[in-house]
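What follows is calculated from the coordinates using simple rules that are stated; it is not laboratory data. Because the structure is predicted, anything quoted here is derived from the model rather than measured. Don't worry about glycine lacking a Cβ; one is built from the backbone with ideal geometry, like all the others, and counts go over all protein chains shown.
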Amino acid sequence: MTADMRSFDSVAVVGAGMSAFAYPMTMQLPALLWQAIGEVEGAAQELERRAGRSGTPKEILGTDPEAVALGWQLARDIPAVRLAFQRAFANLDAGRDPSPAHRELARLIHEGKVQFVISYNWDSCLERAYQDIYGIPLPKGLLIKPHGDVLVPDQPWTLPDEDGLVPQAVLDRLIQFDDRPRTLLVLGYSGSDPFVVETLLRPLQNKWPVYKIGPSASGADGVPTTADYALAEVAHRLLVPARSPGWRFVVFGRSRGFEAALRGERLRPVDVDACPELPYAQTLAQRLAASRFATLSGGSGTGKSVTAFHAARRLNHVGWAVVELTRAGVAGAQEVQAFAAMPGPVLAVVDDAQALDPDVVADLQAVVDDRHAVLLVSTERREGHNDETVSEVRAKGLIYEHCIDHLDEVEPLLASLDDRVGPGMFRESARHRLQVANASARDPWSFMFVASGGEQRIAGILDRIAETPAAALLLGAVAVGQMTSLDAGVTREQAALDVARVTADAFGAADGILDAERFNSTVDILQSERLIRENSGQLRTPHIRVADRALMDLARRDNVVGVGVRAIVQSHLLNSDLPVRGKYWVLDSFTRSDSLRYRWRAEWLEDATVDALVAQCLAVGTGADRSVAAQLLSELAFAGVLDRQRWEAIVARLVVWLPDVDAAEVFGIRRLISHLRGAHRDLYGSVRKSLAPGDLAALFSTRGSRPSGPGWADLLRELAPDHDADERPAWGEAFAENIDVGAMQGWLARTSSESHNDEIADLIDTLANLAPAVASQALLACSPHLTSSIESNLADASRGLGHWAFGSMGLVAHLAPAAGRLTLRRERSQLHEVEFDDVVDAQFDDDLSEEDPLKNEHGGRWEPPQEFTDLAAVTLEVMRRIDWTAAGTSLNGRARHELESLDLFLAWLAWLSSDFIDIIAEAIAFDWLDQLVWESSDDSTEDGAPSPADAFDTFPVTTVDPISGILAAMAQGRRGQERARIYLSDRLATLKSFPFVLIDEFPDVAVAVVRAGGSVRLDSPRGGGWESNARALHVLRRVDSQAADRVLAQSEANLLAALQAPQPHDMRGLARAIAIADRVNEEHFNRMLSVLDASECEPIWRQRLDDAGDDARALVERAAGIDGPVAEVAHRLLGS
């Protein structure tokens, strides 16, 4: 391999195996998908609807590929889910360092040994490795990522269940290497995608030497080893040794967000943009400019590292290169000599200088000259060395002020790091959390820890601790003891005995005699890392969540530490004196890990342990203990250790528990029944039938509470017959007849300052499905709080209520006796008095006028029962009580991140009555809409958006993309549409683009933008299909066919990928879109089809003919009508 690379140079194809060191592989990606679905309003409910069962995204999807496919489809259908997934991966990428393989590949690229890289990974490791080594970006055009890039997370990536891509740009670039042979390196790519293999790899294999590198590589061209090892060997043989050993260049061009600081991570050069600059940075820069040597000291966690890089960036801006030690705190004579040999001007930032030998520090100071500067960063003050000392209290105060001043930015970050923070029910406001952190913390690190849920920061520390097994085992014992003791902690003796049970000689604890010196030194290690503290004789981690994180991390290790921690856990689970709740905490932690739940389950959850846990759970009393017991049993079910015999014992107790269930127990019991339904339908049926609907109604109406509302909604769904069951109507009637309306309305009406619509939205939707008359009474009881919350803060109040757009309340809205969006659409379809000149126009106008959510699959119309219609009338009446002017006014001044749930609720509201939308629209201030646009603009000032007074002349609105959702909602009412039109018309002269989502509502405005030379493009069909494009093109054509022609011309690049390599879901509506486009100008499809790669199209189109029906045939038939290779492919496909 080395000889071939020396002779021919190389092209590299990089796959997931190259990044397996720190990134989730395909089987681990579902965890990010679960998170993304859970973060997007309404997505989890939509997943439940599609899956036909309730549960969290994790419970529904799991890791089974067939189930996960449902989640990937949801990501395609709901762009916000896809975006959340991609951004989550991008955040993961920002915290990962490149592997040795990435660094060696970067060196081979720099020396010209690798001339082109095709990476099928999303991560940015290669780019960062190159920047880390050379201080400059990877040369442009050298790297192509066909499946997406974390550096552009807002563009759709190829998802794991989609076919692989080989873009034309890749093939064109490879043609440039046809002048002579090259060596093909296949690094960590499994070759599992047939299209990539046939289109990319096989043609190169037929003409070049090939080396497939990976642990499982086989065959004549296989190199069965890791990329780390192979590339290190190649670089060693081909390249001269690195000229600057021990140092790496610092690059300030790449940055990550403030969340890294909030997580309590060690801050690096990538954090200087996001973190506030402390006043010490300017002083340090001035001292370095004057004397070329300075020191910065401060306690751990005071922000000194990022302050040093702030100072270094000041010098970097005036031409100084910046380097840092590759291993902080590790340097010797070789590193000093390498720094002295650098050409300069160069500044060395030496972090953790307290760990260096004093002679090395003296040598570094000795090499300082006009072109070499040194900044030492230490926890120890260095007197007489131009030292600047960070005051931890002052630094913490400045960071607190920064967070408060930028609360709109910090709040969503805190919410993303800790789900207990944010607006809404049971959540702590970000401002209050910051105030608590400021009051309780002394230094910046502690402030961040408290503010953000600091357990997130400990992963790196745990890696260091795990290198000392005794310390790791002791930490594991403290964590287990802290959790099973309900956060009380453990004594030193108990922790030592727990460790001695699994490793008798850890602290010399043979015969019960503890080696106090060894034990105390180990405690000191953990205390120095801030992983444990001691108070009143009890050892604890800094927080119960730290214990949770440490326990799960250590238990997953495949070494003596993991074995020992798992054994300690099992001993605690077997101890019947420990509370069920503490054991549930441990079990909940362990079952979140697939490796603990599957691979190592037998080591901590043996049969005897399971039996002991089941027996303890079934013996608990009522109330919260029973709920926790049910939750623990659910965790055992999730772990897959409940056989039928155990389930039968649980069912025998469940039928006793159910008639006595109360608000405290409902969440746990509901979850347990859900697991039972999935495991044994017959046993589930016996439990469901054990509680008569009348008895359930009595329990619900007399024992409910607003906070338990979501749990009751889930339990009612679990215990009700299936929707199409013959017994369903009679069950619903019996349930409704036995409701104590007064009691139910009593607890629904009992609100506090913490009450939120989240508590009751799902419950009312569930009642609408099961017993509409009860839903009417529940809604009336909730009406006062609903009214006040919407009038005071519509943006916040809409959270939870947006779910109604996906559920039974959506049908209720369509039944309301008012002119909702459906009626309005029928009227709008008649606005264009143009005679039908072709079947396409007639077909589309029929679609507009006959859109009806109550149609059934057979073309008939569902006739709802009277109580459902009555609920619609009650819903309308409740909403009419709301002062929608006040509600609309409450939106003015809200930041963009507060509006994320608004569009779904407004869509539901428009179905109910467009009159409400009209009133809201009239209350929305145009200045506020401008403010939202300017907030998103690159032209906004440091102090935020300009004031409304004279801002329009200075900062004209050139795009309405940031407010397109609000304008689209306004357009659902007659007056609202006119008001949105006025807003757009007033800014028409400055608009340079027009959002796709508004074309259907304002085709005339879109046409005006096009006529003025602006940009209006159809949407990319990747993931969503062609139906919305067909509709948009249709309405544009009805207004101005020439403008529609221009829009098509501007959109061709957006559409090509969905024509050349379409997924099945990309094809929906394509036949109709082709027909409309050809009515506009058939040259567009002629041109797009003619530039497609025929060899790439043929295998994919053949597959789409099998799975995409008429739309795929329409594409192939259309392609057969042009000239060229694509037409030949089309004729072959049609002929076969």
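List of remarks:
- Sparsely packed trypsin sites (Lys or Arg not before Pro) within the stretch 301-356, loop by DSSP, other Cβ within 10 Å at most 16: Arg327
- Percent of beta bridges antiparallel (DSSP, the stretch 247-390, rounded to nearest 5): 20
- Charges were assigned to the Cβ only: +1 to each Lys and Arg, -1 to each Asp and Glu. The resulting dipole of the stretch 395-452 about its Cα centre is roughly 240 debye.
- A simple spin-label model places the labels of Phe195 and Asp179 3.2 nm from each other, with each point 7 Å out along Cα-to-Cβ.
- Taking each DSSP H run with n ≥ 4 as -39500 (n - 2.57) and averaging over every residue of the chain yields -17000 deg cm²/dmol at 222 nm.
- Length gained when the stretch Gln527-Arg442 is fully extended (0.36 nm per residue, less Cα-Cα span): 28.9 nm
- Amide N proximity, the stretch 1112-1133 versus Ser1095 label position 7 Å along Cα-to-Cβ, cut-off under 15 Å: 1125-1126, 1129
- Near-label residues of the stretch 629-649 by backbone N, under 19 Å of a point 7 Å along Cα→Cβ of Glu603: 639-641
- Its Cα centre serving as origin, the chain has a Cβ charge dipole (Lys and Arg +1, Asp and Glu -1) of approximately 2180 debye.
- Separation of alpha-carbon centers, the stretch 165-215 and the stretch 79-112, rounded to whole Å: 21
- Listed residues Thr302, Trp122, Ala1053: farthest to the positive end of the dipole of the chain (Cβ charges): Thr302
- Ellipsoid semi-axes in whole angstrom, largest first, where each is sqrt(5λ) of the Cα gyration tensor of the stretch 395-452: 18, 12, 9
- Dipole of the stretch 247-390, positive direction: furthest Cα of Val390, Ala312, Ala340, with charges on the beta-carbon: Ala312
- Gain in span if fully extended, Arg975 to His1131, counting 0.36 nm per residue against the direct Cα distance: 50.9 nm
- Taking Cβ atoms as reference points and 11 Å as the exclusive limit, the residues near Ala1006 contribute a net charge of -1, counting Lys and Arg as +1 and Asp and Glu as -1.
- Computing FRET efficiency as 1/(1 + (r/R0)^6) for Ile544 and Arg644, where r is the C-beta to C-beta distance and R0 is 30 Å, gives about 0.25.
- With the highest mean first, a sort of the peptides 1080-1089, 101-110 on other beta-carbon atoms found within 10 angstrom per residue produces 101-110, 1080-1089.
- Average 1/r across all pairs of distinct alpha carbons in the stretch 693-755, invert it, and you get the Kirkwood radius: 12.4 Å.
- In this calculation the C-beta distance from Ala290 to Arg420 is compared with R0 = 51 Å, giving a FRET efficiency of 0.55.
- Per-selection Rg to Rh, the chain - Cα, Kirkwood hydrodynamic radius: 0.97
- Two numbers describe the Cα atoms of the stretch 999-1053: Rg and Dmax, which are 10.3, 31 Å.
- Measuring nothing but alpha carbons in the stretch 59-205 and taking Rh as the Kirkwood radius, the Rg to Rh ratio lands at 0.99.
- Within the stretch 247-390: Cβ-based charge dipole about Cα centre, in debye rounded to nearest 20 (Lys, Arg +1; Asp, Glu -1): 420
- Dipole of the stretch 542-641, positive direction: furthest Cα of Leu574, Ile544, Ala615, with charges on the beta-carbon: Ile544
- The stretch 247-390 - Rg over Rh from alpha carbon coordinates, Kirkwood radius: 0.93
- Cα centroid separation, the stretch 1067-1107 to the stretch 1000-1055 (Å): 17
- Only lysine pairs 8 or more places apart, or on different chains, with alpha-carbon atoms under 30 angstrom apart are counted in the chain, and they number 13.
- Modelled spin labels at Arg518 and Arg268, positioned 7 Å past Cα toward Cβ, are 3.7 nm from each other.
- Here the gap between Thr491 and Asn575, fully extended at 0.36 nm per residue and compared with their Cα-Cα distance, gives a gain of 28.6 nm.
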